[in-house]
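The structure appears below as structure tokens.
The values are calculated or read from the model by the stated rules, or taken from the named source; none is laboratory data. On a predicted model such as this, the values are computed, not experimentally measured, just so you know. Here Cβ is always computed from backbone atoms with ideal geometry, including for glycine, and neighbour counts include all displayed protein chains.
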Amino acid sequence: MRRGAFHRGLTLFWWVVMAFLYLPLAVIVFYSFNAANSSAYFAGFSLRWYDKLIHNDQLLSALSNTLVLGIASSTLALGIGTLIGYGMYRHRARKLGWLIVLIYLPIVMPDIVFGISEMAFFISIDRQFGILGPSLLTMIIAHVTFQIPFVALIVYSRFVGLDPTLFEAAKDLYASPFQRARFFLLPTLKPSLIAAFFLSFTLSVDDFVISFFNAGPENATLPIYIWGAIRRGVSPEINAIATLMIGAVLIAALLSLMFNRHKQH
Amino acid sequence: MKRTTITTRVALTLGGMLLASSAFAQDANKLYLFNWTEYMDPKIIQAFEKKYGVEVIQSYYNSLPEMTAKLNAGGVSQYDIIVPSNYYVPRLIDSGLVQKLDKSQIPNLSNVMQQFADPSYDPGAQYSVPYQWGTSGIVYDTNVFPDAPKSWSLLFDPKVNTDQPFALMGDGQVNMGAACAYLGSGYDCTGAEAWKPAAKLILDTKHRGTFSGFTDGTPVLQQIQRGVVRAGISYNGDYLQQKRENPEAFKHIAFMIPDEGTEMWVDNMMIPAKAPHPALAHKFINFILDAKVGAELSNFVQYASPNKAAQPYLDADLTQPPALPDEADLARLKFSPSLSGQELQLFQQLWQEVQSR
Amino acid sequence: MSKPESPYPLAAHSRSLSPDTRHLLWSVAPGVIWIVVFLVLPSLYLIGVAFMTNGPYGQPQMPLTLDAFSQLAGFGFLGWSPGNLYTLLRSLWQTLLATGLVILVAYPLAYRISISREKWRALMLLAVVVPSWTNQVIRAFGWMNLLSPGTPLAELAQFFGLIGPNMGLYPSNFAVTLGLIYNFLPFMVLPLYAAFEKLDYALVEAARDLYASPLRAFWLAVFPQTLPGLLAGTVLVSIPAFGMYVVPELLGGGRAMMLGNLVASQFAGGSNWPLGAAGALIMLLATFGGLFAMRRIGKRLSGGEEVVI
């Protein structure tokens, strides 16, 4: 009997936490359709803030910056990280403590220190040599730096899950290392590579602090734009753009769910 | 085969983009304008773009510390025009962040009013050209404060405002000046003697339950419309501009110049030391100084114009308070002091202390 | 940079590397060089800035000095003042508070997920994680919407006298704590769930038979088994919470400055790079100190076995 009550209590607690997690997002979505210029009251349904968004050039360029930054950095990180993951696996018998520390460094470093040290460093390079001033390039470099470890770890754990004899078989089957990579490594890795790419992309879109400190005048991303809009105090438009971003996240969640279901069957 | 082409395409795009992004500063057809928020008429930008066949890229800041930080963080070689206030002009010159103007490229300079032509913060006006001028004062909700005193006490005295949320400003120097004025040492106070009690007052004010935050002059107008705060520090022109856009919400919001005195500021167009397009920047300054463009600008942003030639074209409301304060209030206005050296560092330590505690 | 510790010390020093070593270097070189050039070097540079003199307008200059650190400790032109100490203590307190509260919420939550039917578990985990996929600026903004004056939550708090009339729940220290919990809850739920999933119920049954009281059974049989997950979660929550910038900045309204804001304001307010760099160094030390301590505790708890985080 007591067990039943305990269980019901836990279930109730679960729903309370769900409300806590989704209420702030729901409120954004709700107010994005608010006709009033306020989040203190609701004055009827309206699409006026979305209409404003479509005609906001800055916002559209922020969107394209976000996409370019995310795709470019994830692509680069995928290449570099996969190599590391592969190297770590092939040589896992060796003492690679130094490599592990180096790979965990970008993960554990507080992002404010991360962003500021790169900013200060790039600026001093810019002053000396006239390159690497704040721009999309410095942002891509910074993003790749924090994406590499995640790619490497995903690829590494995929390899660890493989039957080691597969590698021997591949060695017998294909003569050249290139062929082995082309016909054995890449196909086996494909799901992990896709997962790593999407994780990198998510991390890139998620980042605000590191982008903020390394962006040039033309490189505002969506998070930077939203930050600026909050600081300027223009509220209803932010609700609309944030709603679109939340929508994108929910779609991604649905896709990942379907992907997993598909894999299970 | 298919995969190879995709890989190649990605590689090409990536490479091209990297090149393009590192070389973007060489693009001669762009002007990078780094300005306060809500401080430019989009029509003026369009007219300039059309006249010179260029594109204007605008970036924005809410406070002068923010602007200076961006300049130091590489912006000095990325922006063509910045618009700092008077008290930041000397330190920008001293630290080599701005360049001298070539006055031969700015024939419209003769349009500048006499009292702005040789300012104390930039003798001979070698580096700066006035953009707009205005005052910082208190904005407040007249429903909540029907009998508000014409005084800083609305913010600093807990007996005057017992239970309404209010904000101070993001820029430490304006807060310090306001606190000094309230304490009787004048808005343009300097030195430890005056600053220490002022910092103490701000600290006490910050710890009042009704203090809602340090909010800059433009965003506080949004907050007051939405009732997040009922009083704060803002600028006369931003107030008028927002009021014109949203007359209903501003029916019960007023702007006031406290009797203890407050700030008069002059915002100036300046060219960063390593601006990518200095020639175009000069053209832009000259364009803004044109009589009709200058008037259009002021009519849009609702600030008083330092442009003599523009005066005939100004809207009627720009020649009366609060855009142009009356004689008595004008006498109460002071420049914020330009700080440097030890004094600046002392000020920053005090302000840091206020923010931390 | 330290050289790789080769199991063949002589081979590493000889001029021609073994093919195996060469293979390793080729595969990891791009990433290692990237991280060293674009993260290790910048951090070292920033640490260097901490030891430089603050120039007249906040830029680092020679000569080298410890001024930034004494300033961080509170020594200024007017003698000692506790401002920065407040900031440091506030960061520690907020981190402790948020981590503790996150544990309190995550523990039953992770357990609830682990006892659900298998087909629901993935969905439930996803439901916990999805909000953290949205940008942290958006998440903070959501709370700004919920907590500002005039909203139902604020009016409820006013009704109970928790805040004054006409006020909102943000900006405040409370809002910052809430924001931190909101941000980091999934980081605690995931490792705890992993621990609960592996829970050996035979032990729990045995404990129930022996001690009868459910509380004692929990304490002696369940809790120790979840400790590694708890520890991993604590690291994942407390380290980023200590360096948080966005949440105090947006939800704190200038009354809840944390170390991250102190550091950022020295750069984003353009006032004092060396002081900001000194603060960053403290953050780095706290991060690595915290990691090291957790590793030690983890090792002791698991009887010398390595706890993988």
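Got a sec? Which helices (runs of 4 or more DSSP H) wholly within segment C:107-206 have at least 2 residues that are away from chain A (no Cβ under 13 Å) and closer than 30 Å to A:Ile226 by Cβ?
So the answer is C:152-159, C:173-197.
Just to verify a result, which residue in segment B:26-59, among those that are within 26 Å of A:Phe121 (Cβ to Cβ), of a type outside the set (A, V, I, L, M, F, W, C) and out of contact with any Asp or Glu (no Cβ under 6 Å at 6 or more places or on another chain), is modelled with the lowest pLDDT?
Once the filter is applied, the top-ranked residue is B:Gln26.
The rows are residues; the columns are (1) part of a loop (DSSP other than H, G, I, E, B); (2) crowded, with 23+ Cβ neighbours inside 10 Å; (3) outside the structural domain of B:Gln348 (by TED's automatic domain parsing); (4) touching a His at 6+ places or on another chain (Cβ under 8 Å).
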{"site": "B:Tyr140", "(1), (2), (3), (4)": "no, yes, no, no"}
{"site": "B:Leu155", "(1), (2), (3), (4)": "no, yes, no, no"}
{"site": "B:Val160", "(1), (2), (3), (4)": "yes, no, no, no"}
{"site": "B:Ala167", "(1), (2), (3), (4)": "no, yes, no, no"}
{"site": "B:Gly170", "(1), (2), (3), (4)": "yes, yes, no, no"}
{"site": "B:Gly186", "(1), (2), (3), (4)": "yes, no, no, no"}
{"site": "B:Glu193", "(1), (2), (3), (4)": "no, no, no, no"}
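Among the candidates B:Lys243, B:Lys251, which residue alone is more than 14 Å from chain C (Cβ to nearest Cβ) and closer than 30 Å to B:Phe48 by Cβ? Reasoning before the result, please.
On the way: B:Lys251 fails: closer than 30 Å to B:Phe48 by Cβ.
Step by step, each of B:Lys243, B:Lys251 is checked, and only B:Lys243 is more than 14 Å from chain C (Cβ to nearest Cβ) and closer than 30 Å to B:Phe48 by Cβ.
Identify, please: which residue in segment B:83-104 is more than 22 Å from B:Gln132 (Cβ to Cβ) and among the hydroxyl-bearing types (Ser, Thr, Tyr) and is, among those, nearest to the other protein chains (Cβ to nearest Cβ)?
Restricting to residues being more than 22 Å from B:Gln132 (Cβ to Cβ) and among the hydroxyl-bearing types (Ser, Thr, Tyr), the top hit is B:Ser95.
Just to confirm my filter: which strands (runs of 3 or more DSSP E) fall fully inside segment B:209-321 and include at least 2 residues that are charged (D, E, K, R)? I'd like the intermediate steps shown before the answer.
On the way: elements: B:211-214, B:231-235, B:253-256, B:262-269.
By residue number, B:262-269.
Does B:Ala291 satisfy being closer than 19 Å to B:Ala254 by Cα and not polar (S, T, N, Q)?
The answer is no for B:Ala291.
When you look at C:Val36, is it within 30 Å of A:Ile103 (Cβ to Cβ), facing chain A (nearest Cβ under 9 Å) and surrounded by 18 or more Cβ atoms within 10 Å (Cβ to Cβ), yes or no?
It is false that C:Val36 is within 30 Å of A:Ile103 (Cβ to Cβ), facing chain A (nearest Cβ under 9 Å) and surrounded by 18 or more Cβ atoms within 10 Å (Cβ to Cβ).
Check A:Gly4, A:Gly81 and return the single one that is within 10 Å of chain C (Cβ to nearest Cβ) and either of a type outside the set (A, V, I, L, M, F, W, C) or under 24 Å from A:Asn219 (Cα atoms) (or both).
Every option except A:Gly81 fails the conditions.
Restricting to segment B:331-347, count the residues that are assigned to a helix (DSSP H, G or I) and touching a residue at least 24 places away in the same chain (Cβ under 8 Å). Let's see the steps before the verdict.
Initial filter on segment B:331-347 (assigned to a helix (DSSP H, G or I)): B:341-347.
Next, from what is left, pick out any that are touching a residue at least 24 places away in the same chain (Cβ under 8 Å): B:343-344, B:346-347.
Going through segment B:331-347 one residue at a time, the tally reaches 4.
Considering each of A:Leu203, A:Leu193, A:Leu166, A:Leu162 in turn, give the residue that is away from every other protein chain (no Cβ under 12 Å), in contact with a helix residue (DSSP H, G or I) (Cβ under 8 Å, 6 or more places away or on another chain) and crowded, with 17+ Cβ neighbours inside 10 Å.
A:Leu193
For segment B:218-240, what are the residues that are modelled with pLDDT under 90 and more than 8 Å from chain C (Cβ to nearest Cβ)?
B:Thr218, B:Pro219, B:Gln222, B:Gln223, B:Gln225, listed by residue number.
Is there any pair linking a residue in segment A:164-188 that is without any contact (Cβ under 8 Å) to a residue 60 or more places away in the chain to one that is among the small types (Gly, Ala, Ser), with Cβ under 7 Å and at least six apart or on different chains, and which?
A:Arg180/A:Ala170; A:Phe184/A:Ala170
Please list, ordered by first then second residue, the pairs with beta carbon atoms under 9 Å, 6 or more apart or interchain, first in segment A:194-222 and within 15 Å of A:Val144 (Cα to Cα), second acidic (Asp, Glu) and in a helix (DSSP H, G or I).
Listed pairs, sorted by first residue: A:Asp207/A:Asp111; A:Phe208/A:Asp111; A:Val209/A:Asp111; A:Ile210/A:Asp111; A:Ile210/A:Glu118; A:Asn214/A:Glu118.
Restricting attention to segment B:210-218, does a residue exist that is within 16 Å of C:Gly168 (Cα to Cα) and more than 24 Å from the chain's Cα centre (by Cα)?
yes
Identify, please: which residue in segment A:104-138 is under 19 Å from the mean Cα position of the chain (by Cα) and more than 8 Å from every other protein chain (Cβ to nearest Cβ) and is, among those, nearest to C:Ala277 (Cα to Cα)?
Among those that are under 19 Å from the mean Cα position of the chain (by Cα) and more than 8 Å from every other protein chain (Cβ to nearest Cβ), it is A:Gly115.
Consider C:Ala293 carefully, then state whether it is surrounded by fewer than 24 Cβ atoms within 10 Å (Cβ to Cβ) and closer than 16 Å to B:Ala69 by Cβ. Don't jump to the end; show me each part of the working.
Working: surrounded by fewer than 24 Cβ atoms within 10 Å (Cβ to Cβ): yes; closer than 16 Å to B:Ala69 by Cβ: no.
So C:Ala293 fails the test.
Matching residues to (1) in contact with a Pro (Cβ under 6 Å, 6 or more places away or on another chain); (2) in a helix (DSSP H, G or I):
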| site | (1), (2) |
| --- | --- |
| A:Gly133 | no, no |
| A:Met139 | no, yes |
| A:Pro149 | yes, yes |
| A:Ala152 | no, yes |
| A:Val155 | no, yes |
| A:Phe159 | no, yes |
| A:Leu162 | no, no |
| A:Leu166 | no, yes |
| A:Ala170 | no, yes |
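Within segment A:33-83, track down each residue that is within 12 Å of A:Asn239 (Cβ to Cβ), buried (at least 21 other Cβ atoms within 10 Å of the Cβ) and hydroxyl-bearing (Ser, Thr, Tyr).
A:Ser39
Answer yes or no: is there a residue in segment C:70-93 that is touching a Phe, Trp or Tyr at 6+ places or on another chain (Cβ under 7 Å), more than 7 Å from chain A (Cβ to nearest Cβ) and under 22 Å from B:Ser356 (Cα atoms).
Yes, segment C:70-93 has at least one match.
Take the residues of segment B:114-148 that are of a type in the set (A, V, I, L, M) and modelled with pLDDT of 95 or more: which is farthest from B:Met169 (Cα to Cα)? Lay out the reasoning, then the answer.
Step one: filter segment B:114-148 for residues of a type in the set (A, V, I, L, M), giving B:117, B:125, B:129, B:138-139, B:144, B:148.
Then keep just the ones that are modelled with pLDDT of 95 or more; that gives B:129, B:138-139.
Details: B:Val129: 26, B:Ile138: 10, B:Val139: 12 Å.
That would be B:Val129.
Exactly one condition in (1) surrounded by fewer than 14 Cβ atoms within 10 Å (Cβ to Cβ); (2) in contact with a helix residue (DSSP H, G or I) (Cβ under 9 Å, 6 or more places away or on another chain); (3) part of a helix (DSSP H, G or I) is false for B:Ser120; which is it?
Against the list (1) surrounded by fewer than 14 Cβ atoms within 10 Å (Cβ to Cβ); (2) in contact with a helix residue (DSSP H, G or I) (Cβ under 9 Å, 6 or more places away or on another chain); (3) part of a helix (DSSP H, G or I), B:Ser120 comes up short only on (3).
When the residues of segment B:82-109 are filtered to those that are free of Cβ contacts under 8 Å to residues at least 12 places away in the same chain and assigned to a helix (DSSP H, G or I), which remaining residue is surrounded by the most Cβ atoms within 10 Å (Cβ to Cβ)?
It comes out as B:Lys103.
What are the residues in segment C:184-213 that are among the aliphatic types (A, V, I, L, M) and either touching an Asp or Glu at 6+ places or on another chain (Cβ under 7 Å) or surrounded by fewer than 14 Cβ atoms within 10 Å (Cβ to Cβ) (or both), if any?
Our first condition is that a residue be among the aliphatic types (A, V, I, L, M); within segment C:184-213, this holds for C:185, C:188-190, C:192, C:194-195, C:199, C:202-204, C:206-207, C:210, C:212.
Answer for segment C:184-213, where residues must be among the aliphatic types (A, V, I, L, M) and either touching an Asp or Glu at 6+ places or on another chain (Cβ under 7 Å) or surrounded by fewer than 14 Cβ atoms within 10 Å (Cβ to Cβ) (or both): C:Ala202, C:Leu210, C:Ala212.
Can you name the residue in segment B:40-82 that is within 14 Å of chain C (Cβ to nearest Cβ) and aliphatic (A, V, I, L, M) and is also farthest from B:Tyr121 (Cα to Cα) among such residues?
Checking each candidate, the answer is B:Ala73.
Where the second residue is part of a helix (DSSP H, G or I) and the first is without any contact (Cβ under 8 Å) to a residue 60 or more places away in the chain and lies in segment A:59-78, which pairs have Cβ atoms under 9 Å and are six or more apart or on separate chains?
A:Leu60/A:Leu53; A:Leu60/A:Ile54; A:Leu67/A:Val205
Which one of these is within 14 Å of another protein chain (Cβ to nearest Cβ) and either closer than 23 Å to B:Ala47 by Cα or among the aromatic types (Phe, Trp, Tyr) (or both): B:Pro306, B:Pro276, B:Pro312, B:Pro272?
Numbers: B:Pro306 fails: within 14 Å of another protein chain (Cβ to nearest Cβ); B:Pro312 fails: within 14 Å of another protein chain (Cβ to nearest Cβ); B:Pro272 fails: either closer than 23 Å to B:Ala47 by Cα or among the aromatic types (Phe, Trp, Tyr) (or both).
Just one listed residue meets the conditions, B:Pro276.
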